[in-house]
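Asks: Can you read through this structure? Questions will come right after.
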Amino acid sequence: MGFFKSFFSGKPDNPMAEQEKARQKNFDIFKYDGMRAQRMGRQDYAIKCFTEALAIHDDFETRNYLAQAYTQSNRLDLARQQLEQMARMEPSHTSTLLALANVCYMQEDYAATAAAAQKAIELEAGNAMAHYLLAKADNGQGDSLMCIAHLTQAIALKEDFTEARLLRAEALTRMSQYREAQEDIDAILSQEPDEENALLLRGQIAEASQDTARAEADYRHVIEVNPFNEQAYIRLGQLYMARRQPAEAIALLDEAIELTPGSPALYHERGRAKLMNGDKEGSMEDLKKELELNPKEAEALNGEYHNQPLGQTGNILGL
């Protein structure tokens, strides 16, 4: 009788169930609209949709999508908040801890990066990415020895882990362990002959070993592979200046600036080359252009050219 009464009256037999059904429908609409927007690169709209969905129903998967959207929009504080909440919701979810470690690393919070990576390792000791992120935290805190140790663990778990081998090669180079660094670089280039960072690092090692011809060939190779690789031009220009070839450096940097006219580092290096070549007026013009492009660093320059472009400490790979 209850069914027929509901049917003929047009009223639902269970209004609470109908309300919940409507809420679920709205949740699904917001969630899947957000997913579509995210795939289309519409991160702001995706964030609005996911936020509306979560206001209806607190869903772990939707929080993950929202954290991704915040990360892709470089809103790292908000991404981290979502990931921390997800870690509280599901403490044994390794992928969440890895995503949290990565966001903390992007924020340069290396202690938090290490903490999240260590929790992931406790849950899954064989996770190569967790060891790699822990090594990145070590590297960020200037602990090269522990960085190398954790990278070695990552590589033992994943032999073809290019990023880990590259970071280990950088750390070894920083410690002047060139032979060991070269082994990692050779392993990378045997799989990826045009890997730009590996070629740049091999060129740097060649320079340190006084093999400038090898270094020049590597930098040229990178430029052929990617004409927009700014660091290859900077490295090669510096090599020419070290060999007292400022005219060659100027010609090279003219080419680089034509391709990337908004780079203060390229103007800095060309200014140094012009000064070495006796063109003080041209050098000052490049200095002015550099400061126009990067006014925040003007005080650091103090009107002088140094061996490194503005904002760059150490070598091209952060060594």
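The values are calculated or read from the model by the stated rules, or taken from the named source; none is laboratory data. No experiment lies behind these values; they were computed from the predicted model shown. Reconstructed Cβ throughout: ideal geometry from the backbone, glycine too, with neighbour counts over all protein chains shown. Surface areas here come from the heavy atoms of the whole protein model, side chains and all, with no ligands, DNA or RNA. Shrake-Rupley method; radii C 1.70, N 1.55, O 1.52, S 1.80 Å.
Asks: So for the pair residue 32, residue 159, with labels modelled 7 Å out along Cα→Cβ, what separation do we get in nm?
Replies: Each label point is offset 7 Å from its Cα along the Cβ direction, giving 4.4 nm.
Asks: Using the eigenvalues of the Cα gyration tensor, what equivalent ellipsoid semi-axes result for segment 156-248 when each is taken as the square root of five times the eigenvalue, whole Å, largest first?
Replies: Values: eigenvalues 117, 45, 17 Å².
After diagonalising the Cα gyration tensor, the semi-axes are 24, 15, 9 Å.
Asks: Please find the FRET efficiency linking residue 45 to residue 125, where r is the Cβ-Cβ separation and R0 is fixed at 41 Å, and quote it to the nearest 0.05. Could you put the intermediate results ahead of the total?
Replies: On the way: r = 40 Å, r/R0 = 0.98.
After rounding, the FRET efficiency stands at 0.55.
Asks: Divide, for segment 21-94, the radius of gyration over alpha carbons by 2.2 N^0.38 Å, where N is the residue count. Could the numbers behind the result be given before it?
Replies: Values: Rg = 11.9 Å, N = 74, 2.2 N^0.38 = 11.3 Å.
Expressed relative to 2.2 N^0.38 Å, the Cα Rg reads 1.05.
Asks: Pop the C-beta distance of residue 284 and residue 212 into the FRET formula with R0 = 35 Å and round what comes out to the nearest 0.05. List each step's numbers first, then the result.
Replies: Values: r = 29 Å, r/R0 = 0.84.
With a Förster radius of 35 Å, E is 0.75.
Asks: Moving on to the next point. Counting only heavy atoms of the protein chains, get the accessible area per residue of the chain (1.4 Å probe) and round it to a whole Å² value. Please list the in-between numbers first.
Replies: Values: 17040 Å² over 319 residues.
On a per-residue basis, the chain sits at 53 Å².
Asks: With volume of the Cα convex hull per residue in Å³ in mind, check [x] 119; [y] 183; [z] 165 and report the label derived from this structure.
Replies: Computed from these coordinates, volume of the Cα convex hull per residue in Å³ corresponds to label [y].
Asks: Step through the residues of segment 183-197 one at a time and calculate ³J(HN,Hα) from phi using the Karplus curve (6.51 cos²θ - 1.76 cosθ + 1.60, θ = phi - 60°), rounding each to whole Hz and writing x for Gly and Pro.
Replies: With the stated coefficients, segment 183-197 comes to 4, 5, 5, 4, 5, 5, 6, 5, 8, 9, x, 10, 5, 5, 5 Hz.
Asks: Let me ask you something else. Relative to the Cα centre, what is the charge dipole magnitude of the chain, using +1 at the beta carbon of each Lys and Arg, -1 at the beta carbon of each Asp and Glu, and rounding to the nearest 20 debye? Please report the intermediate quantities before stating the final value.
Replies: Numbers: 34 positive and 51 negative charges, 213 e Å.
So the magnitude is around 1020 debye.
Asks: Something else about it: Taking 0.36 nm per residue of sequence separation and subtracting the Cα-Cα distance, how much length would be gained by fully extending the chain between residue 145 and residue 90, in nm to one decimal?
Replies: Working: separation 55, 0.36 × 55 = 19.80 nm, distance 3.30 nm.
Extra length available between residue 145 and residue 90 comes to 16.5 nm.
Asks: Carbon-plus-sulfur fraction of the accessible area of the chain, 1.4 Å probe, in percent? All intermediate terms of the calculation are to be shown ahead of the outcome.
Replies: Numbers: 8440 of 17040 Å².
Roughly 50 percent, rounded to a whole number.
Asks: Among all the aspartates and glutamates, which ones have a C-alpha under 13 Å from residue 48's C-alpha, if same-chain residues fewer than 8 places away are not counted?
Replies: 33
Asks: Return the calculated 222 nm mean residue ellipticity for the chain, to the nearest 500 deg cm²/dmol, obtained by summing -39500 (n - 2.57) across DSSP H runs with n ≥ 4 and dividing by the residue count. Before the final figure, lay out the partial values.
Replies: Numbers: 18 runs with 240 residues, N = 319.
That calculation yields -24000 deg cm²/dmol at 222 nm.
Asks: Give the peptides 257-263, 195-201, 68-74 in descending order of average Cβ contacts within 10 Å, highest first.
Replies: Values: 257-263: 13.7, 195-201: 22.1, 68-74: 17.9.
Descending mean neighbour count gives 195-201, 68-74, 257-263.
Asks: Within straight cross-link reach of residue 296, meaning Cα distance under 24 Å, which lysines are found once same-chain residues fewer than 8 apart are removed?
Replies: By straight Cα distance, residue 296 reaches 274, 280, 288.
Asks: How large is Rg over Rh for segment 56-152, taking Rg from the Cα atoms and Rh as the Kirkwood inverse mean of 1/r across Cα pairs?
Replies: With Rg and the Kirkwood Rh in hand, the quotient comes to 1.00.
Asks: If you average the sequence gap of Cα pairs under 8 Å that are 6 or more apart and divide by the length of segment 117-262, what percent do you get for the contact order? It would help to have the intermediate numbers written out before the result.
Replies: Values: 160 pairs, mean separation 17.1, N = 146.
Over segment 117-262, the number comes to 12 percent.
Asks: Applying 1/(1 + (r/R0)^6) with R0 = 30 Å to the Cβ-Cβ distance of residue 259 and residue 175, what FRET efficiency is obtained, to the nearest 0.05?
Replies: On the way: r = 34 Å, r/R0 = 1.15.
Computed FRET efficiency for residue 259 and residue 175 comes out at 0.30.
Asks: How much length is gained on full extension from residue 248 to residue 192, taking 0.36 nm per residue of separation minus their Cα-Cα distance? Show your work: numbers first, answer last.
Replies: On the way: separation 56, 0.36 × 56 = 20.16 nm, distance 2.98 nm.
So the extension gain works out to 17.2 nm.
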